[in-house]
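The values are calculated or read from the model by the stated rules, or taken from the named source; none is laboratory data. These numbers were taken from a predicted model, which means no experiment stands behind them. Ideal geometry is used to build each Cβ from the backbone, glycine not excepted, and the neighbour counts take in all protein chains shown.
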Amino acid sequence: MKKVLAFDVDQTLNIAKTPITDEIADLLVKCLDHFEICPISGQKFDQFLIQIVDRLPNPTAEQLSHLHLFVAQGTQYYRHNGQDWGQVYNYPLTDEQVAKITATIEQAARELGYWEADKLKPGDEIIENRLSQVTFSALGQKAGTEEKYAWDPDHKKREAIVVRCRELSPEFDYEIGGTTSINAITPGMNKAFGMTHLLEELHVNKEDILYFGDMTQPGGNDYPVVQMGIDTITVRTHEDTAYALKGILGVIGK
Ligand SMILES: [Mg+2]
């Protein structure tokens, strides 16, 4: 039997950038009794708390000890010590790398006419330094979900931005994720990095892991996990994930 269930977050556990549903929260808590549970996403630690951890219905310390948060594509790892969350490791970008990536993405988006600064809500930003990666969110973090879905449903705008970014600064990797996002990282600092560290930290083999993601196609931010040879379930939405988790819990009789 698999020992670890690992999950992309945006679109796999939730509707992008929103808290998980009661159904997913309930299923995850049940799974914590049987598996190590590892969400891995480009988002920051506080969003893992808001979107996942705070939604879990009364988890015990024992259950939380089986929840492993792989933040910023797994370049940061947090686990619970019975009292609070603690950071186990962190691999940040340098200030120079952050500045170069930020300038590159802005230039590419401006050239293509996809720099939507006029649509931002007050205090919001298009490019965010997430320490281990820099993230472009075309409409900012605070835009409405429908607005985000409508912006680039076929990925064409982001694919064009990525092509231009690669011309401008080929030393970085650019991945499409979520609904309006591009994550820029140093090569290798993608989900494969996080999953490789997961193997070490949890003392498990690739065969022990089942991974759920919605962007498992080449170029998608879940694809590096597929390339590692980890068993993967491709979902369209969190509803597919819920079906699969119900099936898994059904098979083990819970
Ligand atoms: Mg996703």
Legend entry - Checklist (1) polar (S, T, N, Q); (2) surrounded by fewer than 21 Cβ atoms within 10 Å (Cβ to Cβ); (3) within 16 Å of the ligand (Cβ to nearest atom) applied to Gln63, failing item: (3)
Legend entry - the range 193-252: number of residues that are under 21 Å from Ser181 (Cα atoms), acidic (Asp, Glu) and either touching a helix residue (DSSP H, G or I) at 6+ places or on another chain (Cβ under 8 Å) or not assigned by TED's automatic domain parsing to the domain that holds Thr12 (or both): 1
Legend entry - Residue check for Ser137: among the polar types (S, T, N, Q), modelled with pLDDT of 95 or more and either more than 18 Å from the chain's Cα centre (by Cα) or loosely packed, with under 15 Cβ neighbours inside 10 Å (or both): no
Inset, instruction - Working carefully through the options Pro187, Pro218, find the one that is surrounded by fewer than 16 Cβ atoms within 10 Å (Cβ to Cβ), free of Cβ contacts under 8 Å to residues at least 24 places away in the same chain and within 16 Å of the ligand (Cβ to nearest atom). - result: Pro218
Legend entry - Which listed residue is away from the ligand (no atom under 15 Å from the Cβ) and touching a residue at least 60 places away in the same chain (Cβ under 8 Å), from His238, His203, His197: His197
Inset, instruction - State which residue pairs qualify: first residue free of Cβ contacts under 8 Å to residues at least 40 places away in the same chain and inside the range 104-120, second residue in a helix (DSSP H, G or I) and of a type outside the set (Ser, Thr, Tyr) in any location, beta carbons under 6 Å apart, and separation of 6 or more residues or different chains. - result: Trp115/Ala109
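Conditions (1) surrounded by fewer than 13 Cβ atoms within 10 Å (Cβ to Cβ); (2) of a type outside the set (Ser, Thr, Tyr); (3) free of Cβ contacts under 8 Å to residues at least 60 places away in the same chain, marked per residue:
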residue	(1), (2), (3)
Gly123	yes, yes, yes
Gln141	no, yes, no
Trp151	no, yes, yes
Lys156	yes, yes, yes
Glu159	no, yes, no
Ser169	no, no, no
Legend entry - Subset of the range 1-28 [of a type outside the set (D, E, K, R), farther than 15 Å from Leu67 by Cα and more than 15 Å from the ligand (Cβ to nearest atom)]: Met1, Pro19, Thr21
Inset, instruction - Looking for whichever is buried (at least 18 other Cβ atoms within 10 Å of the Cβ) and under 29 Å from Gly247 (Cβ atoms) here; the options are Leu199, Leu210. Which one fits? - result: Leu210
Legend entry - Check on Val251, more than 18 Å from the chain's Cα centre (by Cα), more than 13 Å from the ligand (Cβ to nearest atom) and touching a residue at least 24 places away in the same chain (Cβ under 8 Å): no
Legend entry - Segments classed as strands (runs of 3 or more DSSP E), wholly inside the range 151-254, with at least 3 members that are over 15 Å from Ser41 (Cα atoms): 231-234
